[in-house]
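Please read the structure below before turning to the comments.
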Ligand code: UDP
């Protein structure tokens, strides 16, 4: 059985679906602080907080866990700047608990949900995995601390891990059964879609004085279904006894500015709405674009939905379903 921490959340729920469709048994562990029980449509579910070591041990006692996929974390850069200690507790210390219990129960494989935020302000783009790790916000810092811990556990205690550094996860399940549902929402695409649906009056661009073509931040948006597929491939990679721990970037290798994302959302939804410009949000690098050649080569990963319009289309379908009460 594969344990999926944070499997009631946005990315974890998509992997839970894919693993079940691919013949794996899954156990979703989530404290439902950010996750939604209704997103756990496949596998088993336990409502447990990773900070509760005794509860965690009883989960490992009860279920036969062969590997862990670890998504449970806070993921808002903006919030992490305001409340860093929350991020170190939830993202780092709770992972330490998880690794401790895994070690106690002899569970030796983990796939970690990491992030491009580890690279901070990159010296060159596209970014390769061996670029300097110099996060500029507590969210990225907390994830880097976990990667360092994983490396030590791997070097000295026989753990095998794959760390997947996502660029900007976006889009939704193509069957529209699950999707992004953060409360409060802080990510660009769902906020823009909120404006399209009339839930917000406008969308604000956080800074138009960045060192990019149109002055707004450039990001590499990767479809959540493609992320899910990479996790399945990473699990299969770790099932091969001779494969070592490894780290992979996951992105499409193409960047879109905040303005381009907003324009794409207007095109896909057919709705016009007000766009304002505000000051910069703290902790945002100018440009993040992945070089994901390593994942393509070693994991044989090939994104199926690299087109931003396709990504937004699936996000829009889900957004309409989630907010059906806003549709006249
Ligand atoms: N952003 C924005 N307005 C918003 C939300 C986000 O201009 O209402 C910008 C944000 O500053 C960043 C980009 O959109 O440059 C992507 O932000 P998001 O929070 O979606 O993902 P992140 O890059 O922080 O992981």
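Quick note: the coordinates plus some simple rules give every number you see, no bench work behind them. If you're wondering where the values come from, they're calculated on a predicted model, not measured in any experiment. Virtual Cβ from ideal backbone geometry, glycine too; neighbours counted across all protein chains shown.
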Residue list for segment 102-130, restricted to those being surrounded by 19 or more Cβ atoms within 10 Å (Cβ to Cβ) and more than 20 Å from the chain's Cα centre (by Cα):
102, 107, 125
Name every residue in segment 270-296 that is in a loop (DSSP other than H, G, I, E, B), within 26 Å of residue 194 (Cα to Cα) and either within 10 Å of the ligand (Cβ to nearest atom) or within 26 Å of the chain's Cα centre (by Cα) (or both), in order of residue number.
279, 280, 281, 282, 283, 284, 285, 286, 289
Against the condition within 18 Å of residue 122 (Cα to Cα), more than 11 Å from the ligand (Cβ to nearest atom), touching a strand residue (DSSP E or B) at 6+ places or on another chain (Cβ under 9 Å) and in contact (Cβ under 8 Å) with a residue 60 or more places away in the chain, how does residue 250 come out, does it pass?
yes
Positions within segment 99-136 being without any contact (Cβ under 8 Å) to a residue 12 or more places away in the chain and under 20 Å from residue 252 (Cα atoms), in sequence order:
123, 124, 130
Pairs, first within 17 Å of residue 273 (Cβ to Cβ) in segment 201-222, second assigned to a loop (DSSP other than H, G, I, E, B) and more than 10 Å from the ligand (Cβ to nearest atom), C-beta under 8 Å, six or more apart:
201/273; 202/273; 203/273; 206/279
Which pairs have Cβ atoms under 6 Å, sit 6 or more apart or on different chains, and link a residue in segment 75-98 that is in contact (Cβ under 8 Å) with a residue 24 or more places away in the chain to one that is part of a helix (DSSP H, G or I) and within 13 Å of the ligand (Cβ to nearest atom)?
77/139; 80/138; 80/139; 84/138; 87/80; 87/138; 87/139
Go through segment 33-50 residue by residue and tally those that are exposed (fewer than 15 other Cβ atoms within 10 Å of the Cβ) and under 14 Å from residue 71 (Cα atoms).
1
